Amino acid sequence: MLDALIRNIASFALILLLCFTFAGCGILFLKRLRLTFSSDGEQLFYAFGIGASVTGYAVFALAAGQLLHPAALYSLLALLLALSCAGWRNAGISLSLGNLRPRGTVERIAATLLAILLGAALLLTLTPETGRDALVYHLAVPKLFLKHHGLYFVPGNISAHNPFHTEMLYLLALFLQGDVLAKLINFAFLLAILLGIRQFALHRLERNALPYLSMLIFAMIPSVFVEAHTAYVDLAVAFYTMAALFAFISWNSRKERGWLILCAIFTGMALASKYTTLLIPFIGCLGVLWAHRDGEKGGAVFRDLSLYLGVTLLFGTPFYLKNWLMTGNPLYPFLYGIFGGNGWDPEQARLYDGMVLYIGMGRRLVDYLLLPWNLSIHAKLDTIIFDGVVSPLFLLVLPFLAGMRRIPAAMKIIMVYCALLFMFWASASQQLRFLIPIFPLLALLTGAVLSHYRESARVSLFLCAVVAGCLLFNAYHDGLHFLRFKPLGVVLGLEKRDAFLERNLSPYRMYRFVNTLPADARVFLVHMKNWTFLCDRECYSDYMFEYYTLKKVLAASASPAEVHGRLKGMGFTHLMYDVNHVTGAKSMLSPEEKALFTAFQGKFPTLVKNDRFYYLYRL
């Protein structure tokens with residue numbers, strides 16, 4: 001228990017230090033923009049985002065220069081901390097807990113429930129990483145960058161070439177401590193989003209807005225709760241997206257050019273974090289043109305558009321340029337027919353495009369018309385049916401916006417923004433977590449609706465019943481998720497890290513054994529779920545279509561000896577696979593390919609380890 005206590009204290013100390021550094025660096029930058037903030041909380045919201053942006057790009061610069069060595073990383077941290085101290089020294093920010101006090105019975109209940117929910121999410125955050133994509137690339141690729149001291153082309157893993165800014169922060173966390181610190185950075189983005197919701201509700205919406213209820217509505221969405229304790233990037237994307245929109249709204253109302261710069265910075269940061277944000281710069285350009293709708297001189301329009309696009313490209317394009325240089329495709333692996341791309345081929349591109357469109361409940365016209373209903377009612381976690389849960393709350397409450405006589409301009413902008421992002425999401429991969437960036441905004445609109453109808457007893461009673469019912473629905477799903485992991489044991493030190501991972505990750509024991517192989521081992525993984533973060537030896541695995549390389553080897557071989565020769569010629573020393581997916585009922589191989597593999601397996605490789613349906617052979 002003592003070891004766990006020390007480890008958790010160290011994790012908290014490091015995340016507080018990083019957040020202090022992010023915010024301090026951001027404050028230093030914001031001072032130069034000479035902006036007028038509505039509150040100290042609003043300034044902290046933007047400062048955290050700016051500081052995180054600067055830190056991530058500083059790490060990226062070291063990675064690009066192949067300088068990811070301890071001396072360089074510690075020097076960078078010392079420099080950022082010094083800049084942060086300079087920012088805080090002249091911040092003029094008063095951190096008073098009294099300002100956080102909820103007002104009214106509904107707000108006090110919401111604040112209490114939010115505290116309980118965040119406590120549960122924090123407990124899960126302090127457990128070892130088990131998130132699928134984190135183990136495949138969000139943490140696995142930064143781990144390889146650290147190993148190779150810089151940017152490194154990861155064979156087989158196309159997601160290693162996504163926009164990777166948030167992963168640069170995770171790289172720093174892995175260097176300082178490990179996966180738990182990376183998860184805490186993600187959790188910090190959740191807290192920053194909640195801060196932004198509160199500040200916007202208090203200072204941009206109606207005076208009797210319900211900030212804590214809006215925060216609770218967002219945080220209790222099951223897909224958000226699941227994301228809160230994993231080293232994914234969707235919450236960072238949601239933060240940057242929301243910050244860009246809030247800065248635009250401030251620029252539209254105050255006409256301070258610094259707000260437009262801030263909007264562009266966060267637009268660029270969204271681009272630097274995920275491909276799903278590619279529409280946002282186009283929305284931003286439309287927003288700038290709309291803001292000049294009263295007929296200002298063309299020079300002013302061109303100047304503001306140029307400023308917005310220039311700053312957006314400055315902050316948004318470095319990872320796309322990196323992709324272009326390393327793979328030949330700035331949008332790797334997409335648009336393969338136009339740009340091509342190293343380590344990818346037309347058949348894989350075709351399969352990947354089909355997989356992207358496979359998630360959801362269909363692509364016919366009627367499916368699009370029914371999409372809000374299907375998304376709210378039928379979505380399920382860990383399935384192709386949107387791979388998430390959101391509840392019908394927004395579907396049932398937001399139509400009441402139509403009955404509001406005076407809708408503030410800020411709310412109208414949010415409504416248009418959400419509608420455009422929703423349509424873009426519907427046209428691409430309909431994975432629910434990719435929609436998380438609009439959920440904080442929808443939560444704000446929901447709070448505004450509830451606040452507006454307070455004086456109408458019947459409508460208010462109906463809306464309160466709907467919200468209460470949907471929150472109970474979400475609490476049920478969140479509770480099931482919490483109980484699935486049972487985090488208290490490993491957090492308190494009553495359960496070992498390895499035991500926790502064995503309980504939650506079926507092939508973990510095999511990965512742990514692989515880490516005892518000779519240092520020069522190179523393992524070919526087939527249907528081992530691509531969890532390469534768990535593997536300390538050099539390994540290769542096909543992303544998404546894990547049978548692909550093995551199927552190509554078998555198709556090109558006429559005998560077991562030729563299969564063996566090809567695998568050895570590719571540099572593999574070991575082969576590890578799930579038998580269910582190779583020769584079992586879930587196999588994608590043809591009967592002839594299965595027979596050839598069985599003959600090869602019986603003649604050449606030597607069995608090293610077997611655990612249930614997982615096998616490790618030495619070639």
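The values are calculated or read from the model by the stated rules, or taken from the named source; none is laboratory data. Owing to the predicted nature of the structure, the values given are computational and were not obtained by experimental measurement. Counting neighbours? That spans all protein chains shown, and the Cβs are built from the backbone with ideal geometry, glycine included.
General remarks:
- Restricting segment 432-476 to residues that are in contact (Cβ under 8 Å) with a residue 60 or more places away in the chain and among the aromatic types (Phe, Trp, Tyr), the residue that is surrounded by the fewest Cβ atoms within 10 Å (Cβ to Cβ): PHE473
- Enumeration of residues in segment 262-282 that are surrounded by 21 or more Cβ atoms within 10 Å (Cβ to Cβ), in a helix (DSSP H, G or I) and either modelled with pLDDT under 95 or not aromatic (Phe, Trp, Tyr) (or both): LEU262, CYS263, ALA264, ILE265, THR267, GLY268, MET269, ALA270, LEU271, THR276, THR277, ILE280
- Flag: CYS285 matches the condition of being in a helix (DSSP H, G or I) and surrounded by fewer than 17 Cβ atoms within 10 Å (Cβ to Cβ).
- Qualifying residue in segment 133-144 (condition: of a type outside the set (A, V, I, L, M, F, W, C), within 24 Å of LEU278 (Cα to Cα) and surrounded by fewer than 22 Cβ atoms within 10 Å (Cβ to Cβ)): yes
- Test: residue in segment 334-344 that is more than 30 Å from THR549 (Cβ to Cβ) and touching a Leu at 6+ places or on another chain (Cβ under 8 Å): no
- Residue match in segment 46-69 (condition: surrounded by fewer than 15 Cβ atoms within 10 Å (Cβ to Cβ), touching a helix residue (DSSP H, G or I) at 6+ places or on another chain (Cβ under 7 Å), at positive phi and not hydroxyl-bearing (Ser, Thr, Tyr)): no
- Taking the criterion of being among the β-branched types (Val, Ile, Thr) and in a helix (DSSP H, G or I), the residues of segment 343-384 that qualify are VAL356, VAL366, ILE377.
- Residue that is nearest to the chain's Cα centre (by Cα) [pool: residues in segment 293-328 that are assigned to a loop (DSSP other than H, G, I, E, B) and over 26 Å from ILE50 (Cβ atoms)]: GLY328
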